[in-house]
Every structure is written in structure tokens, then in C-alpha cells.
Amino acid sequence: MRKLILSALVATGLIGASGAALASSEGAPLMKPEFSFNGFFGKYNQTQLKRGFELFHQVCSNCHGLRLVAYRNLADVGLTADEIKAVAAERDIDDAPNDEGIVSKRAGRPSDKYISPFPNEKAAAAANGGAAPPDLSLMAKARVGGPNYIYSLMLGFSEEIPEHHVVPEGKFYNKYFPGGNISMPPQLMEDLVTYSDGTKATPEQMAVDISAFLNWAAEPELDARKSLGLKVMVFLGVLTALLYALKRQIWKNIH
């Protein structure tokens, strides 16, 4: 019973936190798009998650890693077993050393974690002007505002730089990024990708799709946790009613 109560409390608390629209303490107040997973009864939209993956795979993965997500987990966003195998095989990874201690390369497998575009952080920094692109596995949890921050950041690039704000060479102004200056250039442009479901790839659509996908990457158990939390709350409600009825029955003849 104690474990069930604790599970309900944890689930309820985390559900509220996952949907909170918080503002960055150093950037402009964040935009608050409507995500399907917001709220107590919200859950992921698999079609949207697949669009978000398509955008990540075609664009974001050229610079960013997703080291905590295994290829086989992409079945949760709607990829078939054959599609997962094909995606994994697009990149090579170090194989186990042979009997002579020599390490060769092999194609990725569904059991592998998403293979980084760079062999190490120094190589990533060297290829990106000295600033290594962060791994995005937990980005939706690492930033205040979570998916709202990602959505706002992707749409926050502007050529209208505030007076007295200095943008160093090689940086770009983004009002939602702490400090305003970010190494990543603007990414989203009309029809940047072609979605498999035919959805038009507007900047706003792509921003909400990638935000949802990265929230799933950081919190893939969200749907299961909410389902468990709801079941526990229903159980506790029924138990409370039964205990109250039992109490009334026991004490009805006692004055």
C-alpha cells in the first residue's frame, strides 16, 4: 500500500512538472505551444514523434548526438523493424577487439545507442568553430521550460538585435538563449524536410515536432507513468470509499 501511495504521489508530481511552461531566467519569456502530452491525461502523439525523429535524423543528427537512445527504442515513435535496421546501419561504430586486440569498424545495429556524428568531443568542437554541439538525449530535462524552451529556441533567431547588445563574430542572436548569443545558426526554414506523412514542414511545425521528439527522448516512460498514476489514484479512491463505508458500518450502533 505504501508503495502504491508513493507511486501515485511521484507520478502526479512528475506529470505536473513535465507540462509546466516555465520561463528561462536569463532569456525572454518562453512561448507555450500546445503539446499533446501536456496535462494529467496528455500522452505522446506517435505521428508527431515520428515527424520529430525524421527532422532530427535528417538535420539535427549531423551535429548532435542522442547517446542515451537505442535504435530499437525508435519502435516507440512508429519506425518498423526494417526501418530501424536501415537507420542504424547508416553509421559505423567500433567493434569489439579481435584476438590480436585490433578494433575494426562495423555497421550500427538496432541494439546500439544512436551513434554520434563525431568520434569525440574535441572533434565535434573542431568541426563547429570551437563549440561542441551538446548531446540532446536529456535536453528537454536539462533546460528550464523543457520542450517549451526547445520550441522557443528554434524559433527565437532574429535579425533585430536589441540596442547595446553585442553579438561576437561566429555567434548568432537568439532572445531565448541565456545571454542572447548562441553558436548554432538558424536551422528551420520552410520545407527543410519532407515528412513521410505529408505534413507541411513549416518552421512552427518543425519546432513543435522536434520539441516533442526530444521530450520523448528524455522521458520515454511518460505515457506509462501517467497510466500508472491514474490507476493508482482510482485504486486509492475506491479504497477510501470502502474504508469509509466500513467505518460507518462498524460505528453505526455506537453512540
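Only the coordinates and a few stated rules stand behind these numbers; no lab work does. Source: prediction; values computed, not measured. Ideal geometry is used to build each Cβ from the backbone, glycine not excepted, and the neighbour counts take in all protein chains shown.
Worth pointing out:
- For S61, neighbours were defined as the other residues whose beta-carbon sits under 13 Å from its Cβ, and their charges (Lys and Arg +1, Asp and Glu -1) total 0.
- Contact order normalised by residue count of segment 140-196, Cα under 8 Å, 6+ apart, percent: 27 percent
- Of the peptides 193-205, 45-57, the ranking by mean beta-carbon count within 10 Å, highest at the top, reads 45-57, 193-205.
- Sorting F157, F213, F177 from the fewest to the most surrounding beta carbons within 10 angstrom yields F157, F177, F213.
- Taking Cβ atoms as reference points and 11 Å as the exclusive limit, the residues near V103 contribute a net charge of -1, counting Lys and Arg as +1 and Asp and Glu as -1.
- For the chain, modelled as a GNM whose springs connect Cα atoms under 10 angstrom apart, the maximal fluctuation among A245, A127, A107 occurs at A245.
- Among residues other than I161 with Cβ under 15 Å from its Cβ, the summed charge is -2 (Lys and Arg +1, Asp and Glu -1).
- Note on Y114, Y44: ascending count of other Cβ atoms within 10 Å places them as Y44, Y114, the fewest first.
- Of (i) 190; (ii) 157; (iii) 140, the label for volume of the Cα convex hull per residue in Å³ derived from the coordinates: (i)
- Sequentially through segment 64-74, phi angles give Karplus couplings (6.51, -1.76, 1.60; θ = phi - 60°) of 9, x, 8, 5, 9, 10, 7, 4, 5, 5, 5 Hz, Gly and Pro residues having no value and appearing as x.
- Taken about its Cα centre, segment 96-163 carries a charge dipole of about 360 debye when Lys and Arg each add +1 at the Cβ and Asp and Glu each add -1 at the Cβ.
- Loop-resident sites, segment 54-145, for trypsin sites (Lys or Arg not before Pro), counting at most 16 other Cβ within 10 Å (DSSP): R91
- Value of relative contact order over the chain, rounded to a whole percent, pairs C-alpha under 8 Å and six or more apart: 27 percent
- A straight chain from D94 to V167 at 0.36 nm per residue would run longer than the Cα-Cα distance by 22.3 nm.
- Lys pairs, segment 52-166 - Cα-Cα below 20 angstrom, 8 or more residues apart or on other chains: 4
- Residues whose placed amide H lies under 5 Å from that of L68, excluding near-sequence neighbours: S137
- Dimensions (Å) - segment 108-247, Cα atoms, principal axes, largest first: 74, 46, 35
- Electrostatic dipole magnitude of the chain [Cβ: Lys, Arg +1; Asp, Glu -1; Cα centre; debye, to 20]: 1800 debye
- As a rough footprinting exposure proxy, the listed residues S227, S211 were ranked by other beta carbons within 10 Å of their own, and the order from fewest upward is S227, S211.
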